[in-house]
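For reference, the structure is listed below as structure tokens.
The values are calculated or read from the model by the stated rules, or taken from the named source; none is laboratory data. Just so we're clear, the structure is a prediction, and the values are computed from it rather than from any experiment. So basically every Cβ, Gly included, is an ideal-geometry build from the backbone, and we count neighbours across all protein chains shown. Only protein heavy atoms, including side chains, enter the accessible area calculation; ligands, DNA and RNA are left aside. Shrake-Rupley method; radii C 1.70, N 1.55, O 1.52, S 1.80 Å.
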Amino acid sequence: MKQCTHADALPHPEPAPRSATCPECLAAGTHPVQLRLCLTCGHVGCCDSSPGRHATGHHEQTGHPVMRTFEPGEDWRWCFVDHVLV
């Protein structure tokens with residue numbers, strides 16, 4: 001079973017969210033479907049079901065490997081590099 005090789009390098013405590021919603025969606029006037037929090041820097045981006053796919057775009061631009069859901073009542077994490085739940 002494949003495992004994330006990046007989780008141990010994440011900052012503790014996790015970074016505070018930079019915003020309450022996806023700033024790229026806000027600027028574009030679009031509505032994010034679900035939000036994701038970058039666990040390296042605190043960027044909030046929309047998921048791949050949103051038109052902008054800004055969480056994935058943030059990973060592609062920065063190389064930050066792990067995000068977590070930023071939805072109430074959810075607590076899963078995803079590693080973009082290893083393509084696994086953390």
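Couple of notes before you dig in:
- Of all residues in segment 1-22, those satisfying the criterion of being under 23 Å from residue 73 (Cβ atoms) and open to solvent by less than 90 Å² (accessible area, probe 1.4 Å) are 4, 7, 10, 14, 15, 16, 17, 19, 20, 21, 22.
- Check on residue 82, assigned to a helix (DSSP H, G or I), over 13 Å from the mean Cα position of the chain (by Cα) and not hydrophobic (A, V, I, L, M, F, W, C): no
- Residue 40 closer than 21 Å to residue 12 by Cα, of a type in the set (S, T, N, Q) and assigned to a loop (DSSP other than H, G, I, E, B): yes
- Pairs linking a residue in segment 61-85 that is more than 18 Å from residue 8 (Cβ to Cβ) and at pLDDT 95 or above to a residue that is of a type in the set (A, V, I, L, M) and buried (at least 17 other Cβ atoms within 10 Å of the Cβ), with Cβ atoms under 8 Å and 6 or more positions apart or on different chains, are 69/35; 69/37; 70/35; 70/37; 70/44; 71/35.
- Residue check, residue 8 in contact with a helix residue (DSSP H, G or I) (Cβ under 8 Å, 6 or more places away or on another chain), within 16 Å of residue 85 (Cβ to Cβ) and not hydroxyl-bearing (Ser, Thr, Tyr): no
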